[in-house]
Amino acid sequence: MNTGGSRAAIAALSIGDLRRLARRRLPRSVFEFIDGGAEDELTLADNRAAFERRRIVPRVLVDVSKPDLHTDILGRTASAPFVIAPMGSCVLAWPQADLALARAAAACGIPYTLSTMATTSLERMAELVQGRLWFQLYVLRDQRLTDQLVDRAREADYEALVVTVDLPAGGKRERDLRNGISIPLRMSARQLVDVLAHPGWTLRMIRGGLPRFENVRGMLGDESAGLTIAARVGQNLNAAYGWDDLARLRERWPRKLLVKGVEHPADAARLVGLGVDGIWVSNHGGRQLDGAIASADALPAIAEAVAGRVPLLIDSGVRRGVDALKALALGAQAVAIGRAALFGAAVAGESGVRRALQILTDELALSMKLAGVPAVQGVDASILKSH
């Protein structure tokens, strides 16, 4: 039991507090893996700036005594307009962090998305968690292996498949390259000193056992090579994946299909015609193309192109409940949470994730009251002004 971490998480007032706690509790290389972006991290910074420069123009004399956060996400009611985004290698933050994230999401009544690069298999996740489960798919170079992942997700009864299309290659994440962060873990002398300075983390990792990418075990080549996580993923991706391939995936997958990593309105419009069930506006949290447009800046044009024909999700840069309100006003139906939830996991496992979600939900409800917004459904851009 991690009572100290749980107390600290409960005392946290913001996602920023959880981030600062995570920074203290994790070895530097692990924190930078979670917190960092690609190259000069321009897009990483822009993701926050895009929310920060937008201001809300409040309405008054509106009954906001009972703000309604319930919303429809892929045809089912969620308690709040949040989704846990797919994240690989979460085990570096906390043992069995995938399960902690999924269980917290289930307890809060929102969907959870399991990454291809999770260290929990999709079958085990479906067995242990009774909640709304989505599976995120990386398209591998070997189509046979990709098809196997799709079929496994179908057989495990995942509600939705989220295919990531903004990763034809791994981004140049210079912090990770300098730190040499990898799974299985390999440490330089400098990293070993840093790890020993964080005995709580080290003990948890030892007790948790050696992590592996369970969904792609045996698919990614020699694991003894010591490649960074981004490099290992990147060398196995299908950079030739195109529209015809996606159409075949649409035929193969019988349930809800979302496409993640969309930032151009022309692509969004074409995806609607292809028959996808949702579009996920994302720049991979600033971890791929540095200099890519911020997700919040891309969203309005995509919303115009889609014209309500399919739901839109957005991630990248959300740290406050008011950010979620702004995203909804820009055209999103749901907001995906990545780092914000993982900071909570790094502090106190499942209870830390629950605290992160509670913070965001409480902040969203308060922002709605102060902005004169009685319900998340029906929010529009009339409450926003760019600063």
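Where a number appears in this text, it was derived from the coordinates with a stated rule and is not lab data. The model shown is predicted, which means the values in this text are computed figures rather than measured ones. Positions of Cβ are generated from backbone atoms using ideal geometry, with glycine treated the same way; all protein chains shown enter the neighbour counts.
Residues Leu299, Leu61 in ascending order of nearby Cβ atoms (within 10 Å, fewest first): Leu61, Leu299.
Think of the range 8-158 as a dipole: +1 on every Lys or Arg Cβ, -1 on every Asp or Glu Cβ, centred on the Cα centre; then among Met87, Thr116, Val64, Val64 lies furthest on the positive end. Working from Cα pairs under 8 Å separated by at least six residues, relative contact order for the chain is 30 percent.
Ordered by the count of other Cβ atoms within 10 Å of each Cβ, fewest first, Leu384, Leu26 give Leu384, Leu26.
Using the empirical formula 2.2 N^0.38 Å as the baseline, the Cα radius of gyration of the chain reaches a ratio of 0.94.
Built from the Cα atoms of the range 196-318, the convex hull projects on average onto 11.0 nm², one quarter of its surface area.
Per residue, the convex hull spanned by the Cα atoms of the range 71-154 amounts to 95 cubic angstrom.
With a Förster radius of 30 Å applied to the beta-carbon distance between Arg217 and Asp157, the computed FRET efficiency rounds to 0.90. Highest GNM mean-square fluctuation among Ala340, Ala160, Ala49, for the chain modelled with Cα contacts below 10 Å: Ala49. Using 1/(1 + (r/R0)^6) with R0 = 22 angstrom and r between the beta carbons of Ala269 and Asp40, what's the FRET efficiency to the nearest 0.05? Taking R0 as 22 Å, the efficiency between Ala269 and Asp40 is 0.10.
Its Cα gyration tensor gives the range 1-69 an equivalent ellipsoid, and the semi-axes of that ellipsoid, as √(5λ) in whole Å with the largest first, are 31, 23, 8.
Note that the range 35-40 has calculated 3J(HN,Hα) couplings of 8, x, x, 8, 6, 7 Hz, one per residue in order, obtained from phi through the Karplus relation 6.51 cos²θ - 1.76 cosθ + 1.60 (θ = phi - 60°); glycine and proline are x. Packing-based ranking of 195-205, 284-294 yields 284-294, 195-205, ordered from highest to lowest mean Cβ neighbour count within 10 Å. Only the Cβ atoms of Lys and Arg (+1) and of Asp and Glu (-1) were treated as charged; on that basis the dipole of the chain about its Cα centre amounts to roughly 1020 debye. The overall shape of the range 301-366 is prolate: from the C-alpha gyration tensor, with semi-axes ordered a ≥ b ≥ c, the ratio a/c is 1.5 or greater and a/b exceeds b/c. Across the range 43-59, computed HN-Hα scalar couplings (Karplus, 6.51 cos²θ - 1.76 cosθ + 1.60, θ = phi - 60°) run 5, 4, 5, 5, 4, 6, 4, 5, 7, 5, 7, 8, 10, 9, 9, x, 9 Hz from first to last residue, x flagging Gly and Pro.
Number of Lys-Lys pairs in the range 3-374 with C-alpha atoms under 28 Å apart and a separation of 8 or more places or on different chains: 6.
For the range 127-217, what is the convex hull volume of the alpha-carbon atoms per residue, in Å³?
Working: hull volume 13.6 nm³, N = 91.
Convex hull volume per residue, Cα atoms: 149 Å³.
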